[in-house]
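*Asks:* This is the structure I have questions about; it appears just below.
The values are calculated or read from the model by the stated rules, or taken from the named source; none is laboratory data. Quick caveat, the model's predicted, so the values are computed rather than measured. Every residue, glycine as well, gets a Cβ built from its backbone with ideal geometry; the counts of neighbours run over all protein chains shown. These accessible areas exclude ligands, DNA and RNA; they are computed on the full protein's heavy atoms, side chains included. Shrake-Rupley method; radii C 1.70, N 1.55, O 1.52, S 1.80 Å.
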Amino acid sequence: MGELLYFKNCEERKKAEELLKKCWPEVSFVVMRLDMQNILEEERIHFGKWDIEFDKKRMIYNGTEIVITDMQWEILQLLMSDSELSFSIREIAYAMNIEVHEAQIYVEELLKTIQEQTGSAIVQKKEERYSFVEITD
């Protein structure tokens with residue numbers, strides 16, 4: 001269960017985000033904004049030391065940006081689409097419209113990049129299936 005907060009300006013929102021991060025570092029929250037048609041749109045997700053910005057295709061861990069390819073970004077978004085689901089390489093390849101061996105390379109490189117730069121694994125492999133795991137360390 002969550003709460004929805006509205007802010008009149010960006011400065012108030014930034015102060016609220018800083019306060020949340022300071023007082024409750026393990027908290028997860030989603031930053032939303034109105035798009036051009038006044039529809040709420042997800043802008044950024046924060047959990048633990050992670051910030052993921054969708055519009056800018058940026059993944060930030062503890063203030064440091066993790067650089068990944070466009071295809072790896074698309075795969076990450078697929079995995080994040082539902083934290084209850086896991087995907088096989090075949091399913092990922094089908095969803096990305098690429099060959100299975102290409103999907104395997106992209107996913108393994110994504111896992112390697114995240115693990116090497118953060119020591120954390122928000123994308124995990126379990127029994128030949130890959131899933132997104134929200135780690136709030």
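*Asks:* Can you pull out every residue in the range 101-133 that is among the aliphatic types (A, V, I, L, M) and part of a strand (DSSP E or B)?
*Replies:* Passing the criteria: only Val123.
*Asks:* Tell me which residues, restricted to the range 46-70, are open to solvent by 60 Å² or more (accessible area, probe 1.4 Å) and small (Gly, Ala, Ser).
*Replies:* Gly63
*Asks:* If you don't mind, there's one more thing I want to ask. Could you check the range 106-133 and list, in sequence order, the residues that are within 11 Å of Leu79 (Cα to Cα), touching a residue at least 24 places away in the same chain (Cβ under 8 Å) and open to solvent by 40 Å² or more (accessible area, probe 1.4 Å)?
*Replies:* Arg129, Val133
*Asks:* For the range 31-62, which positions are at pLDDT below 80, aromatic (Phe, Trp, Tyr) and part of a strand (DSSP E or B)?
*Replies:* Once the filter is applied, which keeps residues that are at pLDDT below 80, aromatic (Phe, Trp, Tyr) and part of a strand (DSSP E or B), the range 31-62 yields only Phe47.
*Asks:* Do you know which residues across the range 71-99 are open to solvent by 60 Å² or more (accessible area, probe 1.4 Å) and at pLDDT 90 or above?
*Replies:* Glu74, Arg90, Glu91, Tyr94, Asn97, Glu99
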